[in-house]
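Below is one structure, written out as structure tokens; the observations come after it.
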Amino acid sequence: MFHLTVKSGMEKGTGWAISERPLLIGRESTCDVRILQTVVSRRHCEIFLDGERLRLKHLGSINPTLVNGLQALDCTLEAGDEVRVGPVAFLIVGSDAKRQNGNEPAGLSTDTMAEEESVYLSLPPDHAASVVHPKTDGDLTELFQISRALSRVSGQEGLIGALRGFLQARFSPDTAWLLLMRDPSDPDGQVVNLLPPGTPVDEPTVREVRERLSRAIKERRGLLAPERAMRGEKALVRCTMAAPIFLGEHHIGALCIDRTMAERAWCRQDLHFFVALAHLIAPFFGAVERMEQLEDENRKLRVTGQKLGRIVGNSRAMAQVQRMVAMVAPSMQPVLILGPTGTGKELVAGLIHELSSRAKEPMVTVNCAAIPRELFESEFFGHEKGAFTGAVGRKTGLLEQSHRGTLFLDEVGDLSLEHQARILRAVETGRFRRVGGGEEITADFRVVTATNKELVEEIKAGRFREDLYHRLRSVEIRIAPLCQRRCDIAELAQHFLQAAAAKCNAPVRRLSPKALEYLAELPWPGNVRELKNVMEVAHTVCQDAVIDVADLRAFAAVHDRDDVPAPLDDMERQHIVRTLEYTNGSMVEAARLLGISRSTLYNKLAHFGLRN
């Protein structure tokens with residue numbers, strides 16, 4: 001038995017058996033050995049067995065057929081002869097040599113192939129050594145069908161499922177693996193077990209597969225690696241193929257399959273197909289990756305829009321606040337929120353946390369004005385057991401509690417200079433010591449602060465440290481008082497009425513046009529918080545579906561715009577008194593209507609001297 005094998009080039013080792021039926025060589029699609037070159041005729045020559053002799057017959061092409069470098073028309077061939085047709089050299093192999101196709105054992109050396117070397121990804125018909133294997137037409141058809149099938153798939157799971165089916169149909173592998181390198185935080189990528197699906201795999205196997213996949217990516221070449229294997233006492237050949245998946249310079253991952261059997265499973269032609277398949281699937285995985293990124297971005301934008309909708313108001317000032325929150329929330333920059341009491345600074349701070357990458361971690365809120373002087377260090381930094389009288393155990397401080405989250409310092413302008421000095425280093429470096437402790441602790445927190453004071457004026461007056469101010473004010477968000485954005489009052493009032501209705505499961509009341517005009521004329525020294533309280537009381541007190549001016553006059557603070565506005569304390573005192581009168585002295589009901597805790601109400605009553 002004689003064989004014709006390709007001697008060099010991309011198809012080196014590809015072979016065809018020679019029998020009594022002529023082995024036809026030429027450019028025509030009906031030829032057994034196709035060479036896509038213009039210097040090769042459609043039917044160039046043929047080789048066949050004539051009894052015991054091996055013969056070559058030139059078929060009249062004006063381009064010669066060379067045997068051992070000499071032009072031949074009709075001659076006898078022997079094992080070892082070289083036959084050259086156009087640019088391709090073939091070798092006659094005798095019956096004692098092993099075939100180099102995929103059906104009989106071949107050499108066990110590793111074969112590699114770059115993407116541009118695959119016959120399916122090269123530049124036929126006129127580039128060098130374009131020898132076409134008999135299976136090429138079928139492979140090209142199969143690759144086209146795979147491309148069509150993938151174009152109908154959406155989602156990564158669909159792609160993986162389709163790829164699993166293609167590999168089973170074409171290669172019948174024992175195992176198949178896919179490496180996806182999509183997460184920048186995981187440079188080694190994720191190894192997916194394609195075949196058999198769902199089968200648990202031990203760590204050594206994953207490491208071995210990862211090495212082959214990583215080599216394919218590093219070298220940017222497909223590889224075909226046969227090796228000896230034993231199954232009991234039976235000698236087998238384990239054949240492995242791997243190919244990188246690139247989209248331009250973007251690493252998508254790599255693909256790997258293997259099969260163990262008595263003879264070599266795959267040949268170089270299979271490697272051509274495998275490299276082409278890896279190239280073919282790359283844009284589909286890239287498209288799915290990009291689609292998922294866009295969906296994630298759209299989801300984040302929708303969530304951002306929904307959350308920013310909690311900042312009610314269509315004024316230019318509030319639109320600017322919304323834009324600033326959306327811009328600064330994803331960053332880790334410290335934010336300083338300025339605005340009068342009752343404008344919603346805590347709401348803005350909460351949104352900055354919720355829209356940041358730290359949203360799943362805690363937001364620790366600190367009312368700087370409410371921490372007793374003697375407990376400040378213990379509250380902020382924590383303390384060790386026995387650090388002072390009464391320290392019966394270790395306490396975690398507010399800074400440590402905010403690790404990986406957000407630390408919100410409300411009313412930071414009320415901190416004493418002593419306390420400002422103590423938190424300066426911790427705010428800047430995130431490092432501090434518990435009271436009574438020697439070990440330095442590191443906490444990763446983002447600082448958001450708020451105050452109703454003008455800190456620049458406080459610095460000039462010597463009441464606030466300039467160095468702390470600059471550490472807290474990387475970004476500044478200023479919220480205007482309600483009297484400067486009266487166009488927001490109607491929308492805010494209706495929003496609070498809807499919230500009050502939802503809280504008590506009652507029908508939503510609406511404001512008459514005259515009531516809206518009346519609300520718009522009030523000075524609102526208590527800002528949004530005062531408006532909220534008025535709307536909640538109005539919704540509770542008014543029994544009609546429409547709230548009119550007369551209903552509001554009964555409990556809304558009356559201000560003559562020509563008079564000097566009353567101090568906020570006076571307004572708050574009057575409002576608490578009216579609320580207690582409405583609830584017949586019920587502290588629980590009054591606290592609920594005012595939107596504060598009962599203990600806070602007691603403190604306010606003591607502050608205003610309304611209770612002993």
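Please give every one of the lysines within straight-line cross-link reach of Lys7, meaning a C-alpha to C-alpha distance under 28 Å, and leave out same-chain neighbours fewer than 8 residues apart.
Of all the lysines, those that pass the test against Lys7 - Cα under 28 Å, at least 8 places apart if same chain - are Lys57, Lys98, Lys135.
If amide hydrogens are placed 1.01 Å from N in the peptide plane, which non-local residues have theirs closer than 5 Å to the one on Ser122?
The list, which skips near neighbours in sequence, is empty: none.
Take each of the peptides 223-230, 32-39, average the number of other beta-carbon atoms within 10 Å over its residues, and list them starting from the highest.
32-39, 223-230
Mind checking which lysines have their Cα closer than 20 Å to the Cα of Lys604? Skip sequence neighbours fewer than 8 apart in that chain.
Answer for Lys604, where 20 Å is the Cα cut-off: Lys532, listed by chain and number.
Run the numbers on the chain and let me know its relative contact order in percent, using alpha-carbon pairs under 8 Å that are six or more apart.
9 percent
Starting at the first residue of segment 490-500, write each ³J(HN,Hα) from the Karplus equation 6.51 cos²θ - 1.76 cosθ + 1.60 with θ = phi - 60°, in whole Hz, x for Gly and Pro.
Result, ordered by residue: 4, 5, 5, 4, 5, 4, 5, 5, 5, 5, 5 Hz.
Residue by residue, what Karplus-based ³J(HN,Hα) values in Hz, rounded to whole numbers, does segment 47-61 have, using 6.51, -1.76 and 1.60 with θ = phi - 60° and x for Gly and Pro?
Result, ordered by residue: 10, 7, 8, 10, x, 8, 9, 9, 10, 10, 10, 6, 9, x, 5 Hz.
Once phi is turned into ³J(HN,Hα) by the Karplus curve 6.51 cos²θ - 1.76 cosθ + 1.60 with θ = phi - 60°, what whole-Hz value does each residue of segment 445-452 show in order, with x for glycine and proline?
9, 9, 9, 10, 10, 8, 7, 9
Once both axes come from the Cα atoms, what is the angle between helix 316-328 and the longest principal axis of the chain, in degrees from 0 to 90, rounded to 10?
50 degrees
Classify segment 332-403: rounded, prolate or oblate, from the alpha-carbon gyration tensor (a ≥ b ≥ c, eigenvalue square roots; a/c under 1.5 rounded; otherwise prolate if a/b is larger than b/c)?
oblate
How would you rank 270-279, 72-81, 21-30, highest first, on the average number of other Cβ atoms within 10 Å across their residues? Could you put the intermediate results ahead of the total?
Working: 270-279: 24.5, 72-81: 14.4, 21-30: 17.1.
Per-residue Cβ counts within 10 Å, averaged per peptide and sorted highest first, yield 270-279, 21-30, 72-81.
From the list (1) 218; (2) 380; (3) 269, can you say which value of volume of the Cα convex hull per residue in Å³ was derived from the structure given?
Only one option fits the structure, namely (3).
Using Cα positions and a limit of under 17 Å, work out the lysines in reach of Lys300, with same-chain residues fewer than 8 apart set aside.
Lys360
Work through the residues other than Leu511 whose Cβ is under 15 Å from its Cβ and net out their charges, Lys, Arg +1 and Asp, Glu -1. The partial results should precede the final answer.
Numbers: positive: Arg486, Arg509, Arg510, Lys514, Lys532, Arg553; negative: Asp488, Glu491, Glu517, Glu521, Glu536, Asp544, Asp548, Asp551.
Local charge sum for Leu511: -2.
Going by Cα centres, segment 567-612 and segment 357-402 are how many Å apart?
30 Å
Tell me which residues come under 5 Å, amide H to amide H, from Leu77 once H is placed; ignore anything under 5 positions away on its chain.
Residues meeting the amide H criterion: Leu54, Arg55, Leu56.
Using the Kirkwood formula on the Cα atoms of segment 207-366, what hydrodynamic radius do you get, in angstrom to one decimal? Mind dumping the intermediate values first?
Details: mean 1/r = 0.0483 Å⁻¹.
Mean inverse Cα-Cα distance, inverted, gives 20.7 Å.
Label-point separation (nm) for Ser172 and Ser357, each offset 7 Å from Cα along Cα-to-Cβ?
Placing both labels 7 Å along Cα→Cβ, they lie 5.0 nm apart.
Please list, ordered by chain and number, the residues whose modelled amide H lies under 5 Å from the amide H of Leu247; skip anything fewer than 5 residues away on the same chain.
Here Ile252 satisfy the definition.
Any read-out appearing in this document is the output of simple, stated calculations on the displayed coordinates, not a laboratory observation. A quick note: this is a predicted structure, and the numbers were derived from the prediction, not measured. Methodologically, a virtual Cβ is constructed for each residue, glycine included, from the backbone with ideal geometry; neighbour enumeration extends over all protein chains shown.
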